[in-house]
Amino acid sequence: MKSVIIKDKKTLEVTNLENPTPDGKKVIIEITKAGICGSDIHNWELGEPKNLVMGHEYCGKVIDPGERADLKIGDRVTSLPISPCGTCHACTTGNPQYCQHTWENALGLSLTNQGAFGEMIKVEPNLVIKAPENITDEEVALVEPTAVGLHAVHLANITVGQKVLVIGGGIIGLASAMFASEEGASLVILSETNEKRGENAVDLGVAEKYLDAKNPNFINEALEISNGGFDVVLECCGNSQAVTSAIMACRPGGKVILVGVATGAIEVPTVMAVLKEISLQGAIAYTKEEFETCMDLMSKKKINVTKFISETIGLDQVQGAFEELTNGQSDKIKILINPKI
């Protein structure tokens, strides 16, 4: 099957791999749509792990249902892209994202579980989730990143009337801003270093205003517009400057939710977090319930995520898409891959 693998730093290669073989247990799925995620970009920039087939946001059709008696050939599905043990305290209390094994064999994030940047994948049966008939393949492929935003907002426990700053205008930032408004935030502001992405957030209706994070006066602007600091800051970038800005823009006694994932150590002014008694909360992935909630909200037309899709490309165009998404000037948000074009 045709697939895209990591060849080297910032280098992808289209190659042919063996088709997954039926084993009577795992579900074999033909990919119809797959999304490019920020974590995929991190791996691409590092060039590691080599030969990895990335892709953990997807929609597909069942080719072989394995041991899932409730599935049939042709059913549209997606899955939790993690590898929890299913028996530890985290798993049995509905938080598989905390399981110490959950990233060991994660779909598209580990060499042991090749991802959706190809024509087919093979998935543990208990992780596969059937998609409602009334949502599109594109919506199904966006369930995973949307659930990340929902989880972050749940952790923030936003109440009606609070002021929220979202740092980062990628799909996670936009989903977080969307859900912050749904929870009753009276003011949702988004900051970005990329002017086009910042303007997109306003044009798409998920933020009231965009602040230029490159502006030397950015923090003062943030404090002024929020009247002394934001109640909640959702940091969706994962770098030192973004986390520092989150702490500085937060009001005394406020909350900073760390949604962005840093691949290395970063420096932040913890003294300001101490002096302001800010609560710093990490956010990783989502619960299974939140994943299914996002799919249900799409099915009931309570949220519109297709507006975040910038374009759909074929496997041969993936290298160029990664380059565009990281050039700092593109207005693209979510690029989907269709292995059949």
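The values are calculated or read from the model by the stated rules, or taken from the named source; none is laboratory data. What you see is a predicted model; the values in this text were computed from it and never measured. With ideal geometry, Cβ positions are generated from the backbone for all residues, glycine too; neighbour counts draw on all protein chains shown. When the accessible area is computed, the model is the full protein with side chains, heavy atoms only, and any ligands, DNA or RNA have been set aside. Shrake-Rupley method; radii C 1.70, N 1.55, O 1.52, S 1.80 Å.
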(request) Please turn the phi angles of the range 78-93 into ³J(HN,Hα) values with the Karplus equation 6.51 cos²θ - 1.76 cosθ + 1.60 (θ = phi - 60°), one per residue in order, whole Hz, x for glycine and proline. (result) 9, 7, 5, x, 10, 9, x, 6, x, 10, 6, 4, 4, 5, 6, 9
(request) Rounded to whole Å and sorted largest first, list the principal axis extents of the Cα atoms in the range 103-213. (result) 43, 30, 29
(request) Just subtract the alpha-carbon distance of Leu111 and Glu182 from 0.36 nm times their residue separation and send over the number in nm, one decimal. (result) 21.8 nm
(request) Provide the solvent-accessible area of Ser110, counting protein heavy atoms only and rolling a 1.4 Å probe, rounded to the nearest 10 Å². (result) 10 Å²
(message) How much accessible area per residue does the chain have, counting only protein heavy atoms and a probe of 1.4 Å, in square angstrom?
(response) 43 Å²
(message) Quick one: the Cα spread of the range 39-185 along its three principal axes, in angstroms, biggest first?
(response) 49, 38, 34
(request) Would you mind counting up the charge near Gly35? Only other residues with Cβ under 13 Å from its Cβ, with Lys and Arg at +1 and Asp and Glu at -1. (result) -4
(request) Please report the base-10 log of the normalised intensity I(q)/I(0) for the chain, using a Debye sum with one equal scatterer per alpha carbon and no solvent, at each q in 0.08 (1/Å). (result) -0.37
(message) I need the peptides 147-157, 75-85 ranked by packing, meaning the mean over residues of other C-beta atoms within 10 angstrom, with the highest value on top.
(response) 147-157, 75-85
(message) With the crude spin-label approximation of a point 7 Å out along Cα→Cβ, what separation in nm comes out for Asn304 versus Glu13?
(response) 4.4 nm
(request) Please state, rounded to one decimal and in Å, the Kirkwood hydrodynamic radius that the range 262-325 gives when every pair of distinct Cα atoms enters the mean of 1/r. (result) 16.7 Å
(message) Leaving ligands and nucleic acids out of the surface, order Ile303, Ile219 by accessible area at 1.4 Å, largest first.
(response) Ile219, Ile303
(message) Check which residues have an amide H placed less than 5 Å from Met120's amide H, if you skip close sequence neighbours.
(response) Ile31
(request) Could you list which residues have their amide H under 5 Å from that of Leu12, counting only those 5 or more apart in sequence or on another chain, with H placed in the peptide plane? (result) Lys7
(request) Quantify, in whole percent, the carbon and sulfur part of the accessible surface of the chain (1.4 Å probe; protein heavy atoms only). (result) 49 percent
(message) Let me see the P(r) profile for the range 177-240: every Cα-Cα distance counted, bins of 5 Å, each bin given as a percent of all pairs.
(response) 4, 17, 27, 29, 19, 4, 0
(request) Taking every Cα atom in the range 100-168, find the radius of gyration and the maximum pairwise distance Dmax, and write them in Å. (result) 16.1, 46
(message) Two decimals, Cα atoms only, Kirkwood Rh: what is Rg/Rh over the range 194-310?
(response) 1.00
(request) Could you give the size of the charge dipole of the chain about its Cα centre, using +1 on the Cβ of each K and R and -1 on the Cβ of each D and E, expressed in debye and rounded to the nearest 20? (result) 220 debye
